[in-house]
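Student: Please see the structure below; I have some questions.
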Amino acid sequence: MRYSKTYGEFGDSYVPEMLQPALDELETAFLSAMNDKSFLDELAYLQKTFIGRPTPLYYAENLTKKLGGAKIFFKCEGLAHTGAHKINNAVGQCLLAKRMGKKNVVAETGAGQHGVATASAAAKLGLGCNVYMGAVDVKRQHPNVFTMQMFGANVVSVESGNKGLADAVDEALGFWIKSLKDTHYLLGSVVGPAPFPAIVREFQSVIGREAKQQVQELGQDVAAVIAAVGGGSNAMGIFSGFLDDEKIQLIGVEGGGIGDKYGEHAKRLAPNSGAKTGIHHGYKSKFLLDSNGDVLPTHSISAGLDYPGVGPEPAYLKESGRLTMTAANDDEVINALKLVAKHEGILFALESSHALAELLKIAPTMPKDKAVIVNMSGRGDKDIFITAPVFNKQEWVEFLSNEIKN
Ligand SMILES: *Cc1c(COP(=O)(O)O)cnc(C)c1O
């Protein structure tokens with residue numbers, strides 16, 4: 001395991017003094033767990049039986065023929081339980097919380113994907129679960145709220161501020177500060193104060209370990225690995241298996257949104273992002289900031305990429321030249337999603353479709369004897385309320401009004 005609190009100038013922990021002891025306790029517990037065979041065995045058992053690992057590395061033969069270049073493989077995290085990679089981290093941290101003697105977990109969630117994964121893992125492992133969600137998101141994301149409640153979670157609708165993700169983070173932290181003794185804060189990506197980026201990366205690194213072994217078994221020569229980057233957890237999960245092999249290009253794709261102006265995109269590391277180095281949400285990294293240094297609103301068609309900051313490790317890997325960062329705009333993403341659905345019969349999540357959009361640009365330029373892996377971070381069922389009206393608004397509106405009538 002690679003453990004670090006800082007990544008070049010990025011990372012570290014910038015939190016109120018009263019929270020630091022809880023982060024120190026977490027660091028100690030994590031490092032000891034990673035050296036404890038019984039913990040690792042239990043994690044491996046849950047990965048296999050509950051999450052459904054290993055997820056397949058799927059050869060996209062039709063798409064490969066269509067594009068006429070490198071052989072295309074999908075690492076199918078969308079087939080993991082709850083439909084995305086987030087469950088890998090949620091299960092790992094719930095196991096860690098139990099080891100620390102905690103009775104509850106608390107999490108914030110934006111669109112609700114992290115909340116669903118956390119609620120599921122907490123239910124499985126017998127922990128109480130509180131999920132803070134902005135009131136605006138509670139209204140927009142009813143299916144995820146319903147699922148979390150089915151898993152027994154207490155979903156708290158946050159009415160303060162803009163009633164969005166940032167306000168949910170504040171109130172979740174407020175809850176944590178009041179209940180440190182028996183509650184673990186379950187952070188959902190490779191962001192936040194140390195040791196969270198290292199912990200989340202470690203629990204997601206199972207993706208990269210599996211993918212590396214799977215391509216080796218297939219005897220494929222990997223030239224590039226592509227992943228969407230929100231906070232950076234699915235990307236660091238798969239990249240971690242290939243970082244040491246400098247011949248393999250690692251490409252992260254951000255939400256290009258609808259334009260280059262502030263508020264129109266969610267680019268933090270891609271060209272023309274306009275992001276600056278700053279300290280927010282407890283860590284130092286690249287953020288989209290206004291002239292006062294406050295975080296700016298972002299836009300992406302996919303909720304999971306719609307975040308003004310990015311994890312410290314991706315920021316460092318970009319700066320050091322190991323990681324190539326690009327962006328895909330909303331239209332490119334929809335086109336890529338549609339093309340792959342039609343030719344492979346697989347519906348990618350909107351987040352993962354950003355990686356597909358980049359694949360469509362580079363695969364045709366790469367030699368046929370090379371392989372390229374796309375991390376399918378999630379499946380697209382969850383996005384049907386966004387994608388269906390894009391393709392045929394009238395039919396969707398009729399469907400919804402009929403549902404109401406019935
Ligand atoms: C949350 C999410 C992401 C973005 O988060 P990362 O931490 O960057 O991986 C990407 N894909 C899916 C399907 C998600 O749910």
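The values are calculated or read from the model by the stated rules, or taken from the named source; none is laboratory data. Values in this document were obtained by computation on a predicted structure and should not be read as measured data. We place every Cβ from the backbone using ideal geometry, glycine too, and count neighbours over all the protein chains shown.
Student: Within segment 165-191, count every residue that is within 22 Å of residue 304 (Cα to Cα) and at pLDDT below 95. Let's see the steps before the verdict.
Tutor: So the first thing to find is which residues in segment 165-191 are within 22 Å of residue 304 (Cα to Cα), and the list is 165-173, 185-191.
Filter once more, keeping what is at pLDDT below 95: 165-173.
The number of residues fulfilling the criteria is 9.
Student: Being modelled with pLDDT of 95 or more, among the charged types (D, E, K, R) and part of a strand (DSSP E or B) is the requirement here; does residue 247 meet it?
Tutor: Numbers: modelled with pLDDT of 95 or more: yes; among the charged types (D, E, K, R): yes; part of a strand (DSSP E or B): no.
Judged against the criteria, residue 247 is not a match.
Student: Using beta carbons and a limit of 6 Å, which pairs, at least six apart or on different chains, have the first residue in segment 217-245 and in the same structural domain as residue 312 (by TED's automatic domain parsing) and the second one at pLDDT below 95?
Tutor: Qualifying pairs under 6 Å: 230/304; 230/305; 230/307.
Student: Another question about this same structure. Does residue 136 qualify as being at pLDDT below 95, in a helix (DSSP H, G or I) and of a type in the set (A, V, I, L, M, F, W, C)?
Tutor: Working: at pLDDT below 95: yes; in a helix (DSSP H, G or I): yes; of a type in the set (A, V, I, L, M, F, W, C): yes.
Yes.
Student: Kindly establish whether residue 225 is at pLDDT 95 or above, part of a loop (DSSP other than H, G, I, E, B) and within 16 Å of the ligand (Cβ to nearest atom).
Tutor: Values: at pLDDT 95 or above: yes; part of a loop (DSSP other than H, G, I, E, B): no; within 16 Å of the ligand (Cβ to nearest atom): yes.
Considered against the rule, which asks whether it is at pLDDT 95 or above, part of a loop (DSSP other than H, G, I, E, B) and within 16 Å of the ligand (Cβ to nearest atom), residue 225 comes out as no.
Student: Give the number of residues within segment 129-170 that are under 21 Å from residue 296 (Cβ atoms) and not small (Gly, Ala, Ser).
Tutor: Of the residues in that region, 10 qualify.
Student: Can you tell me which residue within segment 190-220, out of those that are within 16 Å of the ligand (Cβ to nearest atom), outside any helix (DSSP H, G or I) and of a type in the set (A, V, I, L, M, F, W, C), is surrounded by the fewest Cβ atoms within 10 Å (Cβ to Cβ)?
Tutor: Out of the qualifying residues, it is 191.
Student: List every residue pair whose Cβ atoms sit under 9 Å apart, with the two residues 6 or more apart in sequence or on different chains, where the first one lies in segment 33-56 and is over 18 Å from residue 209 (Cα atoms) and the second, anywhere, is of a type in the set (Ser, Thr, Tyr) and buried (at least 19 other Cβ atoms within 10 Å of the Cβ).
Tutor: From segment 33-56, the pairs are 50/120.
Student: If you don't mind, another one. Quick one: in segment 1-19, which of the residues that are buried (at least 17 other Cβ atoms within 10 Å of the Cβ) and hydroxyl-bearing (Ser, Thr, Tyr) is nearest to the chain's Cα centre (by Cα)?
Tutor: For segment 1-19, the residue satisfying everything is 7.
Student: Something else now. Does residue 230 satisfy being touching a His at 6+ places or on another chain (Cβ under 8 Å), modelled with pLDDT of 95 or more and at negative phi? Give the derivation first.
Tutor: Numbers: touching a His at 6+ places or on another chain (Cβ under 8 Å): no; modelled with pLDDT of 95 or more: yes; at negative phi: yes.
No: the conditions fail for residue 230.
Student: How many of the residues making up segment 337-374 are within 16 Å of the ligand (Cβ to nearest atom), surrounded by fewer than 24 Cβ atoms within 10 Å (Cβ to Cβ) and part of a helix (DSSP H, G or I)? Spell out the reasoning first.
Tutor: Just the residues of segment 337-374 that are within 16 Å of the ligand (Cβ to nearest atom), to begin with: 337, 340-341, 346-359, 373-374.
Within this subset, residues satisfying the condition of being surrounded by fewer than 24 Cβ atoms within 10 Å (Cβ to Cβ) are 341, 346-347.
Add one more test, that the residue is part of a helix (DSSP H, G or I), and what stays is 341.
Result for segment 337-374: 1.
Student: Could you say which residue among 298, 326, 277 is part of a strand (DSSP E or B), under 25 Å from residue 348 (Cα atoms) and of a type in the set (S, T, N, Q)?
Tutor: Details: 298 fails: part of a strand (DSSP E or B); 277 fails: under 25 Å from residue 348 (Cα atoms).
Answer to the check: 326.
Student: Here is a further query. I'm checking my understanding of the structure. Among residues of segment 286-325 that are within 18 Å of the chain's Cα centre (by Cα) and among the small types (Gly, Ala, Ser), which one is farthest from the ligand (Cβ to nearest atom)?
Tutor: Only one residue fits best here, namely 315.
Student: With the requirement that a residue be surrounded by fewer than 16 Cβ atoms within 10 Å (Cβ to Cβ), closer than 18 Å to residue 376 by Cβ and out of contact with any Leu (no Cβ under 8 Å at 6 or more places or on another chain), what does segment 20-58 give you?
Tutor: none
Student: Could you please let me know if residue 326 is touching a helix residue (DSSP H, G or I) at 6+ places or on another chain (Cβ under 6 Å), crowded, with 17+ Cβ neighbours inside 10 Å and polar (S, T, N, Q)?
Tutor: Working: touching a helix residue (DSSP H, G or I) at 6+ places or on another chain (Cβ under 6 Å): yes; crowded, with 17+ Cβ neighbours inside 10 Å: yes; polar (S, T, N, Q): yes.
Criteria met by residue 326.
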